[in-house]
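The block underneath contains the structure these notes are about, expressed in structure tokens.
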2 protein chains.
Amino acid sequence: MAESTDGERARPGGSARSAVVAVAVRLFTEAGYEATTMDDIAVAAGMSRRSLFRRFGSKEDILFAEHDDLFETVERFLEAAPDDDPVATVRSAARMVFQEYVRSPEVTVPRFRLVRAVPRLRDREIAMTARYQAAFSRFLARGETAGRRALTGEALAASVIAAHNHVLRSWLHAPQEPVPWRRFDEAMGFVTDSLGALLREPAEAPRSAASGAGAGAESVLVAVYPAGIPGEDVLARVRGALGAEGG
Amino acid sequence: MAESTDGERARPGGSARSAVVAVAVRLFTEAGYEATTMDDIAVAAGMSRRSLFRRFGSKEDILFAEHDDLFETVERFLEAAPDDDPVATVRSAARMVFQEYVRSPEVTVPRFRLVRAVPRLRDREIAMTARYQAAFSRFLARGETAGRRALTGEALAASVIAAHNHVLRSWLHAPQEPVPWRRFDEAMGFVTDSLGALLREPAEAPRSAASGAGAGAESVLVAVYPAGIPGEDVLARVRGALGAEGG
DNA sequence: CCAAGTTTGGCATCTAGTGTCATAGTACGT
DNA sequence: ACGTACTATGACACTAGATGCCAAACTTGG
């Protein structure tokens with residue numbers, strides 16, 4: 001052991017930690033990520049190379065330190081959340097992440113540029129979002145790791161992440177623009193409406209069998225129609241679709 | 001340049017390449033990934049350390065060499081595909097990847113175990129699947145990088161990857177079992193049916209502040225019912241749902 | 001058989017990351 | 001105040017991945 005990778009004991013020296021991050025981001029931006037050595041950062045931050053490694057574990061971790069903290073916050077949020085409406089909870093969690101990104105652009109925007117430019121950092125960022133996705137997925141599936149419910153949870157988690165990143169990326173490209181909260185909520189509603197309904201449905205249908213196993217014994221019907229179309233037209237379309245598929 | 005990272009010039013020595021991969025996988029499995037040095041691999045493969053780096057760029061790349069080749073194949077497949085049915089094309093591409101995994105378990109299964117055990121490799125694997133996701137997403141959105149169509153493409157790509165990995169993982173945990181092609185196709189159909197329909201519909205209708213779950217230009221209706229339920233019952237449910245939401 | 005180009009190997013070097021140990025700073029009980 | 005125990009820091013050494021450089025070996029073509 002002896003190295004412990006830090007991670008929880010973060011509080012003492014939290015502000016000094018942020019100062020180091022700021023210095024590192026500046027150096028990375030000025031001279032490039034690869035060209036900046038840990039020695040450079042240590043000198044600029046006024047500490048020894050060894051202590052730098054102790055505080056942050058690795059060079060990448062300096063850049064993603066605050067991101068890691070955020071993830072832990074989100075995890076605690078999910079742990080503490082009631083499970084009456086998992087989809088809404090996950091949507092809120094995603095909103096939290098978005099909120100934190102737009103709240104401190106002085107860190108997230110330079111980091112975004114660095115991440116785009118350096119493959120190694122890009123992979124790290126992707127791994128980060130994958131951790132969110134796994135957390136969301138676990139929360140949505142509520143323990144199940146196989147079966148239709150697990151699959152739906154994974155697909156929904158993936159879609160939520162995709163929607164989040166879709167809007168976030170567009171803002172990061174032009175951070176001087178106002179924060180697109182509306183588009184965020186629309187995008188989030190878009191994915192949670194379609195797949196989220198599939199996750200909720202089996203529980204809300206008390207009448208039919210729908211017993212425990214649920215191993216692929218269901219069929220899925222999806223209809224898309226412009227808003228405002230009369231209900232009968234929708235019914236007609238559904239009837240047509242049912243006929244076509246032999247249901 | 002001078003280092004070129006190889007990648008396209010792979011053919012001369014392709015079989016020798018695979019032999020090196022096999023040797024490396026064996027060493028990694030026997031002694032652990034971290035504990036196996038590039039020198040060890042070089043000796044076991046009968047070549048110099050320097051040449052090993054030239055052929056594979058990095059230690060990780062040895063393990064993922066064949067995976068990279070597969071990705072290139074998939075990319076070419078997407079480039080060559082007609083764009084009459086992008087969703088079906090992406091589904092086929094995902095099927096190709098699945099096929100390649102189950103085709104050579106002697107490489108993919110040990111790699112899976114290594115990837116699960118070593119965080120660094122796990123991140124690499126995740127980055128790999130993210131590349132697929134990006135390729136799928138680009139193909140589905142057909143150039144658009146913003147707007148509803150782009151978002152749908154990204155969510156669908158994410159869901160396709162999620163479904164693929166869902167089934168793949170379950171097989172990798174028990175590779176002696178028969179390949180679950182049926183579950184793969186079911187899972188793929190599940191996600192492409194729901195989100196895929198949204199992508200096909202042009203429906204750029206004006207927003208009409210639909211009550212409740214609306215939020216987008218379209219309304220989405222999703223129904224899940226046990227297979228075998230009479231069509232009229234489905235219609236009745238749909239009618240009920242429409243009435244409830246005020247459509 | 002020789003010339004031009006490519007592949008390979010050996011060597012040096014750079015840097016991230018880790019183990020170790022001594023020292024400086026700090027909290028605490030007497 | 002004083003010594004003690006604990007923690008943070010820094011200096012040093014070392015491992016290993018990765019890259020540049022150059023010479024030797026090999027391949028190709030005339």
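Ascending distances from the A:Ser92 label point to its copies in the other chains, with the point 7 Å along the Cα-to-beta-carbon line: 4.6 nm. Here the accessible area of region A:64-204 is 50 percent carbon and sulfur, with a 1.4 angstrom probe and all protein chains present.
With a sphere of radius 14 Å drawn around the Cβ of B:Asp40, what net charge do the other residues whose Cβ falls strictly inside it have (Lys, Arg +1; Asp, Glu -1)? Surrounding charge for B:Asp40 is 0. Taken residue by residue and averaged, Cβ atoms of other chains lying within 10 Å of the Cβ of B:158-171 number 5. A 1.4 Å probe, protein heavy atoms only, puts the accessible area of A:Arg138 near 140 Å². For the peptides A:176-184, B:108-116, the ranking by packing is B:108-116, A:176-184, with the highest mean count of neighbouring Cβ atoms within 10 Å listed first.
Both chains summed, the buried accessible area for A and B stands near 4800 Å², from protein heavy atoms and a 1.4 Å probe. Using a probe of 1.4 angstrom and keeping all protein chains present, the accessible surface of region A:39-107 works out to 49 square angstrom per residue. Between copies, the label points of B:Arg49, set 7 Å from Cα on the Cα→Cβ line, lie 1.9 nm apart, reported in increasing order to one decimal in nanometres. Packing, as the average of other Cβ atoms within 10 Å across residues, places the peptides A:157-164, B:83-90, A:73-80, B:151-158 in the order B:151-158, A:157-164, B:83-90, A:73-80, highest first.
Full extension of the chain segment joining B:Arg116 with B:Ala134 gains 4.2 nm, where the gain is 0.36 nm per residue of separation less the Cα-Cα distance. Legend: mean number of C-beta atoms from other chains within 10 angstrom of residue C-beta atoms, peptide A:139-146, equals 1.
The values are calculated or read from the model by the stated rules, or taken from the named source; none is laboratory data. All values derive from a computational prediction rather than experimental measurement. Every residue, glycine among them, receives a Cβ derived from its backbone with ideal geometry; neighbour counts consider all protein chains shown. When the accessible area is computed, the model is the full protein with side chains, heavy atoms only, and any ligands, DNA or RNA have been set aside. Shrake-Rupley method; radii C 1.70, N 1.55, O 1.52, S 1.80 Å.
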